[in-house]
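The values are calculated or read from the model by the stated rules, or taken from the named source; none is laboratory data. None of the values given here were measured: they were computed from a predicted structure. Reconstructed Cβ throughout: ideal geometry from the backbone, glycine too, with neighbour counts over all protein chains shown. Ligands, DNA and RNA are excluded from the accessible area calculation, which covers all protein heavy atoms including side chains. Shrake-Rupley method; radii C 1.70, N 1.55, O 1.52, S 1.80 Å.
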Amino acid sequence: MFEVMLAARLNLCRTCLAFRGPFYDDFNGCERVAPCGCDPKQPPWNGYDYNSFAELCQGCAAAVVSSGSRWSPFFCDDCKARVRAYNESVGTCVIPLGRHSMMNGVGLPVAVAKKPREVEKFVKGLFGFMGGAERLWSYRGTRVRRVLGSLPEPADAVPVPAYLAHAKAVSGDGDAIFAELVSAMNHESN
């Protein structure tokens, strides 16, 4: 229900794979039009780190998550639970949970900022996080394009509710999707 309300009037651009269209901005109390990545860049909206209201889950690509903040999660609740469990089982953050390094356990406390080993550890963690985020975006793009490839029309953008219904119908079960994500994240990091 949340995703239907969140993205009911948005479309998914087939070119940049971002949402575009009208939505109600609860934070600012006004109607807005979300640009997609094909549109000219605009200054960030008041209260947003970047101009995105919602996006597809980075895992299943069949659910909508809220967006627009550096603290926004990458995953829907089901995928997020799997990612957390996986990262805990391997003892490190292989699959990033969100955009900010601190959401992924990568930070440099002031108390140790002058210790070369701690700085080195932080830098290594930061580069690992950034590489993981890039692999994750690539994986999601592949997954979304696969779903869009089996949706013949319309040519330029697909209404998000239609995309979600189709994605859920063709995607398979959550365990298989997650296994594919883990394989992609581990394969591309080698």
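Results, tabulated for the structure shown:
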| item | result |
| --- | --- |
| For the chain, Kirkwood radius (reciprocal of mean inverse C-alpha pair distance, Å) | 17.7 Å |
| Computed accessible area, W45, all protein chains, 1.4 angstrom probe, square angstrom | 20 Å² |
| Computed accessible area, E31, all protein chains, 1.4 angstrom probe, square angstrom | 100 Å² |
| Crossing angle, helix 77-90 versus the chain [Cα axis fit, 0-90 degrees, rounded to tens] | 20 degrees |
| 0 to 90° range, to nearest 10: angle between helix 116-149 axis and the chain longest Cα axis | 20 degrees |
| Directionally averaged shadow of region 1-83, computed from the convex hull of its alpha-carbon atoms, nm² | 5.6 nm² |
| Cα centroid separation - region 45-70 against region 128-182, whole Å | 15 Å |
| Theoretical FRET efficiency, 1/(1+(r/R0)^6), r = Cβ-Cβ of T92 and R145, R0 22 Å, to 0.05 | 0.15 |
| Chain lengthening between D49 and R32 when straightened (0.36 nm per residue, less Cα-Cα) | 4.6 nm |
| Stretchable slack from Q42 to A155, in nm (0.36 nm times residue separation minus alpha-carbon distance) | 38.1 nm |
| Distant-in-sequence amide H partners of D25 (H built 1.01 Å from N, under 5 Å) | C30, E31, R32 |
| Under 25 Å between alpha carbons - lysine pairs in the chain that sit 8 or more apart or on different chains | 4 |
| Using alpha-carbon coordinates, inclination of helix 160-170 to the longest axis of the chain, degrees | 70 degrees |
| Estimated distance in nm for a label pair at Y24 and E120, the labels positioned 7 Å out from Cα along Cα-to-Cβ | 5.6 nm |
| Sequence-separation-based contact order of the chain, relative, with Cα cut under 8 Å and 6+ spacing, percent | 23 percent |
| ³J(HN,Hα), Karplus 6.51/-1.76/1.60, whole Hz, each residue of region 57-73, x for Gly, Pro | 4, 6, x, 7, 6, 10, 9, 9, 10, 5, 8, x, 10, 5, 9, 5, x |
| Calculated SAXS-style log₁₀ I(q)/I(0) at q = 0.24, 0.25, 0.29 Å⁻¹ - region 47-103, Debye, Cα scatterers | -0.94, -0.99, -1.18 |
